[in-house]
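**Q** Below are the structure tokens for one structure; questions will follow.
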2 protein chains.
Amino acid sequence: MARMPTSTRARLVDAAFALFEERGFHETTVEEITARAGTGRTTFFRHFRGKEDVVFPDHEQLLPRVAARLGTATGTTREVALREAARIVLDHYLDEGTTARARYRLTRTVPALRDRESASAQRYLRLFREHIATWTANEPDGELRAELLAAAVITAHNHVLRRWLREETDAVDAEFDAALTRALATADPSAGASATVVVHTSSTDVDQVLRDVRDALTRGG
Amino acid sequence: MARMPTSTRARLVDAAFALFEERGFHETTVEEITARAGTGRTTFFRHFRGKEDVVFPDHEQLLPRVAARLGTATGTTREVALREAARIVLDHYLDEGTTARARYRLTRTVPALRDRESASAQRYLRLFREHIATWTANEPDGELRAELLAAAVITAHNHVLRRWLREETDAVDAEFDAALTRALATADPSAGASATVVVHTSSTDVDQVLRDVRDALTRGG
DNA sequence: GTACTAATGGTACTACGTACCGCGCAACGT
DNA sequence: ACGTTGCGCGGTACGTAGTACCATTAGTAC
């Protein structure tokens with residue numbers, strides 16, 4: 001090894017990932033990690049709260065950035081805010097590159113790490129939900145609609161992210177835009193009108209649509 | 001088996017909940033739980049895989065029941081299957097009654113338990129997603145649409161469940177139906193129909209709705 | 001009585017995570 | 001040059017979760 005241009009923290013991360021892939025997560029002890037990194041055991045717990053945290057290093061720094069972006073949304077720019085806030089998270093993974101894919105392999109393998117990732121994803125969901133809920137506070141069913149929209153955005157993000165992690169796509173930008181468009185279109189019925197109509201058809205036969213509408217309305221009430 | 005007014009397992013659960021609420025989760029040791037339950041420490045780990053599992057006792061039995069209900073869905077009955085599958089989970093919590101609310105209080109307080117609940121919720125999400133994905137396999141963007149629909153169903157379920165847990169409602173049945181309707185309507189563009197209409201209004205002024213529809217359609221097309 | 005099974009209790013062990021103490025070292029001010 | 005302060009690191013000891021293994025008891029069949 002070189003004469004360590006890398007920081008202690010980086011050496012611990014590298015050692016941990018290497019050992020986790022070689023021997024497995026549970027089969028690797030913290031002492032083995034620190035031995036390979038050339039540090040003491042105490043140092044490990046100074047840099048990471050626990051053995052699992054070494055796999056998810058910096059999500060705590062990401063949440064406030066996402067919150068900040070969501071906080072700047074004003075009336076007409078909310079959809080853009082949702083897109084860009086989700087983009088912050090996606091870009092973070094893209095920047096990590098190899099590390100993100102290594103983490104993905106681990107989380108697919110180790111149940112404890114999978115649960116951990118679910119928990120952190122839930123924090124993003126909660127963050128989005130709370131912001132959106134402030135926008136929909138005075139609408140009917142505002143809470144539920146906020147939760148549905150937040151879930152749709154997070155789901156679309158995760159969908160594209162997973163495809164990138166599995167190397168199933170290279171057109172990340174296009175797929176992200178398309179997925180977010182679908183999520184926003186389906187889950188955000190732009191309230192305010194006395195009626196919100198979502199038309200899922202490629203036909204332009206307005207009369208047929210109106211007949212369907214009248215049938216649906218008169219049948220229901 | 002000693003003669004018992006309550007089973008060993010039930011005594012352990014009761015002791016654990018009591019101590020967790022008295023002293024907190026992390027401040028309670030397994031030894032204290034077993035002491036109050038009048039058993040040995042080993043017995044605890046025979047009944048529960050870990051200290052956290054005593055709070056979530058029987059989710060493992062619920063998943064296959066939900067899977068079975070989803071498996072019986074056939075073409076036209078898919079929406080009903082989704083509703084009833086989610087209902088299985090909701091009914092399970094309702095049957096637990098006080099226990100479910102006690103668990104909710106704990107999960108709101110203890111981060112470790114909150115994460116644990118997020119992880120088990122993710123398993124339900126995954127289960128729904130995989131079943132729905134088999135239905136939408138040959139549709140464009142089938143994967144993404146399956147994920148969005150699954151997320152919407154789970155979100156609607158969780159919304160009503162949380163409201164019941166917080167004792168914010170007594171009309172669980174009505175709210176569940178309404179929430180699921182909204183989730184299915186927004187996230188499932190039931191392909192094939194010439195138009196799907198979602199009306200978000202309490203007014204019964206059909207003519208006004210139709211004017212809105214015509215305006216929206218002629219403006220867009 | 002003997003043999004088998006199931007549930008329990010006890011003991012010992014590994015490893016995570018924490019508390020606490022001490023060391024080395026660089027950056028100061030005087 | 002000399003202390004002082006702060007920071008990062010290493011070491012030791014400890015509590016506790018979770019596992020492995022063995023001993024014990026009670027019920028059951030023969």
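The values are calculated or read from the model by the stated rules, or taken from the named source; none is laboratory data. Quick caveat: nothing in here was measured; it's all calculated off a predicted structure. Please note: Cβ atoms are built from the backbone with ideal geometry, for glycine as well, and neighbour counts cover all protein chains shown. Areas reflect the complete protein model, heavy atoms only, side chains present, ligands, DNA and RNA absent. Shrake-Rupley method; radii C 1.70, N 1.55, O 1.52, S 1.80 Å.
**Q** What is the spin-label model distance, in nm, from B:Ala67 to A:Arg23 if the labels are put 7 Å beyond Cα along the C-beta direction?
**A** 3.3
**Q** Can you give the local net charge around B:Ala35? Use residues other than it whose beta-carbon is closer than 14 angstrom to its beta-carbon, Lys and Arg +1, Asp and Glu -1.
**A** Working: positive: B:Arg11, B:Arg23, B:Arg36, B:Arg41; negative: B:Asp14, B:Glu22, B:Glu31, B:Glu32.
Surrounding charge for B:Ala35 is 0.
**Q** Measuring from a point 7 Å past the Cα of B:Thr169 along Cα-to-C-beta, which residues in region A:130-156 have an amide N at less than 14 Å?
**A** A:140-148
**Q** Using protein heavy atoms only (no ligands, DNA or RNA), what is the total accessible area buried between B and A, 1.4 Å probe, nearest 100 Å²? Write out the running numbers ahead of the final one.
**A** Details: alone 13330 and 13430 Å², together 22630 Å².
Its buried surface, counting both partners, is about 4100 Å².
**Q** Right, another one. Mind checking A:175-183 for the average number of partner chain beta-carbons within 10 Å of each residue's beta-carbon?
**A** On the way: counts 2, 0, 0, 2, 4, 0, 0, 6, 5.
For this peptide, the per-residue mean of nearby foreign Cβ atoms is 2.
**Q** How big is region B:1-118 on each of its three principal axes, counting only the C-alpha atoms and giving the largest first in Å?
**A** 55, 35, 22
**Q** Using label points projected 7 Å from each Cα along Cα→Cβ, tell me how many nm separate B:Glu96 and A:Leu94, to one decimal.
**A** So the label points at B:Glu96 and A:Leu94 sit 4.1 nm apart.
**Q** Turning to a different aspect of this structure: Within 10 Å of each candidate Cβ there may be at most 16 other Cβ atoms; applying that plus a DSSP loop requirement, which GluC sites (Glu not before Pro) in region A:90-177 survive? Each step should come with its number before you reach the end.
**A** Values: sites: A:Glu96, A:Glu117, A:Glu130, A:Glu143, A:Glu147, A:Glu167, A:Glu168, A:Glu175; in loops: A:Glu167, A:Glu168.
Hits after loop and neighbour filter: A:Glu167, A:Glu168.
**Q** Now a separate question. Could you sort the peptides B:67-78, B:148-159, A:11-22 by per-residue average Cβ neighbour count (10 Å cutoff), highest mean leading? Provide the component values of the computation, followed by the final result.
**A** Working: B:67-78: 13.5, B:148-159: 26.3, A:11-22: 18.8.
Descending mean neighbour count gives B:148-159, A:11-22, B:67-78.
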